[in-house]
1. Among 98-106, 231-239, how do they line up from the highest to the lowest mean number of other beta-carbon atoms within 10 Å?
2. For TYR146, list long-range residues whose amide hydrogen, built 1.01 Å from N in the peptide plane, is under 5 Å from its own amide hydrogen.
3. Alpha carbon centre of region 77-134 versus region 235-283: separation in Å?
4. Taking K and R as +1 and D and E as -1, what net charge do the other residues with C-beta under 10 Å from the C-beta of PHE205 add up to?
5. At 222 nm, what value in deg cm²/dmol follows for the chain if DSSP H runs of at least 4 each add -39500 (n - 2.57) and the sum is divided by all its residues, to the nearest 500?
6. What lysines could a cross-link reach from LYS17, if we take a straight Cα to Cα line under 26 Å and drop same-chain neighbours fewer than 8 places away?
7. DSSP loop (so not H, G, I, E, B), at most 15 other Cβ within 10 Å: list which trypsin sites (Lys or Arg not before Pro) in region 224-279 pass both filters.
8. Once phi is turned into θ = phi - 60°, what whole-Hz ³J(HN,Hα) does the Karplus curve with 6.51, -1.76 and 1.60 give for every residue of region 255-260, x standing for Gly and Pro?
Amino acid sequence: MPDFRINNMLFPGGKRKALTLSYDDGVVQDRRLTRMLDRYGVRATFNLNSAFLGRVERAVMEGAEVDISTVLPGEIPALYKNHEIATHGSRHSSPVDGGSSFLREVMDDREALEALVPYMVTGHAYPFGLTDEKVIAMLRAAGIAYARTVISTHSFDLPGDFLRWDPTCHHDDPRLMELAEDFCTREARFGRPQLFYLWGHSYEFDIHGNWERMESFLAYVSGYRDSIWMATNGEICAYLSAWDRLIFSADGKRAYNPSAGELWIDASGRICRIPSGETAEIG
Ligand SMILES: [Zn+2]
């Protein structure tokens, strides 16, 4: 990542902070979670297994019986309207053990999910968090732009590689509220942009009986909404990818935006918006 972006990149609206969530498996508890997210204006990406949609199932996890039934295909457009859906392997098979079947599962997910929403489905969360170089090559071939791991960074750094996108933490992380406070109340050195990336499964709130934990987190972070871009994973990936396509003049005083959407830059302390197809004075 070039230093230029670290110091000058701004999120939409000239903001220096972004928040995104990622929830896996498309379980029925997503209904309660999306209602909660929508109440606070926080946005997420939901990673679905297309072959399992509409499945009715209960399981014993961590000693508790829990409903792990999945949402119905027909409810997906309305349920996830303010969010994004992404692939998670049509049958949740291990990406590293199944050979080319993983590629097939991702393509099956893309086809099935794209039939339900008006946009291209280009995101992924690794089943079981497993990945390697071969898996990443398959995702590239499948047209996947970003993929999430389960490795907590406890940091707010932007991903260096979108196909190895490590989250900040899981919602049950003991440091959740400490990290949230740090993120909301402190500015990074040198004006560096910051991203808080939270992940989990919504059935875990039933297992642990801790929906209020999520409610507290959302209530807290949404209090800082004026300085935080609430975005899906895909919007962040698309925005940063467009930012990387900015073309700068040799003297660094002008920037041309060849992308389809507007981009924002810190022009020596001035917040500058560069509309699509336009050149801005940034020196
Ligand atoms: Zn999963």
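1. Details: 98-106: 17.9, 231-239: 22.2.
Averaged packing, sorted descending, gives the order 231-239, 98-106.
2. HN-HN under 5 Å from TYR146: HIS124.
3. 31
4. Details: positive: ARG32, ARG213; negative: ASP172, GLU204, ASP206, GLU212, GLU215.
Once positives and negatives cancel, what remains is -3.
5. Values: 9 runs with 83 residues, N = 283.
The per-residue figure over the chain is -8500 deg cm²/dmol.
6. LYS81, LYS253
7. Details: sites: ARG225, ARG245, LYS253, ARG254, ARG270, ARG273; in loops: ARG245, LYS253.
Answer in residue order: ARG245, LYS253.
8. Result, rounded to whole Hz: 9, 10, 9, x, 8, 7.
Every number here is computed from the coordinates shown, using simple stated rules; none is lab data. Note that this is a predicted model, so its numbers are computed, not measured. Here Cβ is always computed from backbone atoms with ideal geometry, including for glycine, and neighbour counts include all displayed protein chains.
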